[in-house]
1. Do you know which residues across the stretch 60-84 are surrounded by fewer than 20 Cβ atoms within 10 Å (Cβ to Cβ) and over 20 Å from the mean Cα position of the chain (by Cα)?
2. Are any residues in the stretch 158-177 surrounded by fewer than 21 Cβ atoms within 10 Å (Cβ to Cβ) and more than 17 Å from residue 66 (Cα to Cα), and if so, which ones?
3. Hey, residue 227 hits all of (1) modelled with pLDDT of 95 or more; (2) surrounded by 14 or more Cβ atoms within 10 Å (Cβ to Cβ); (3) outside any helix (DSSP H, G or I) but one; which does it fall short on?
4. Looking at 144, 130, 137, which one is in a loop (DSSP other than H, G, I, E, B) and more than 15 Å from residue 94 (Cα to Cα)?
5. Give the stretch 158-186 a look and list any residue that's outside any loop (DSSP other than H, G, I, E, B) and closer than 14 Å to residue 98 by Cα, or say none.
6. List the number of the failed condition for residue 164; all other conditions in (1) under 23 Å from residue 211 (Cβ atoms); (2) over 27 Å from the mean Cα position of the chain (by Cα) hold.
7. Take the conditions surrounded by fewer than 21 Cβ atoms within 10 Å (Cβ to Cβ) and not in a loop (DSSP other than H, G, I, E, B) and apply them to residue 210. Does it pass?
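The values are calculated or read from the model by the stated rules, or taken from the named source; none is laboratory data. Just so you know, these numbers come straight off a predicted model, no measurement behind them. So basically every Cβ, Gly included, is an ideal-geometry build from the backbone, and we count neighbours across all protein chains shown.
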């Protein structure tokens, strides 16, 4: 018979609670899978991109226009490699945005396309009444960019490398936006400084200048700019160095000790010397004598 004071049996987990826990875990896993699949699908169609990097160190949008002499489709987009190394831009793409934030891919650059340092790459709108420039494009697209929209350069890892906007509602822009182009003339927006196109402060209004009656699209056949290589400078850094410190160590030192040595000394000795002395001698003297006389 059990003692009336015996401990109660241990309680097992409720079957209902265990089932609910399993359902919650399963729901979380399904949510992660669905979210990942949705993100991949959005990226595929250009509807999702990761945030832009601050101040591009590789490629920038160097010049573009959203309309020209032929009208709204007379467009081009020029890219510039401002880095000191060649860049594989295969799989990179140009996406456009409307002023309401709707985005879509305009063109994806062919695999293994390499843009050398200081060189340019030209994308043109090849649709009817499209690009009217004399310089041929390196690649083409057929869906234009809205005058009050935006343009983004996105790499193969789905990261925005550079972007420019002409409307506050554009999904692609940096800082203050540019004024939309509205006239059918030979004009373009070009990155400052004109010709070298290296300024990138992440502010479109500060970085671009309107070429009101001209444009200068360039492709990979144009002369490449000389980009200085990154040369290390002698700038002090807070890097620990092997500098001796005043830390006492058990190092023997050459300390003189009072150790007796067998050093000969000039001790005077009693050495006899031949010193002449005044010795009296028996010298005969002429002593007068008293001789009697007659």
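1. Within the stretch 60-84, 69, 70, 71, 72 meet the criteria.
2. Listed by number, the residues that qualify are 158, 159, 160, 175, 176.
3. (1)
4. 130
5. 163, 164, 165
6. Among (1) under 23 Å from residue 211 (Cβ atoms); (2) over 27 Å from the mean Cα position of the chain (by Cα), the lone unmet condition for residue 164 is (2).
7. yes
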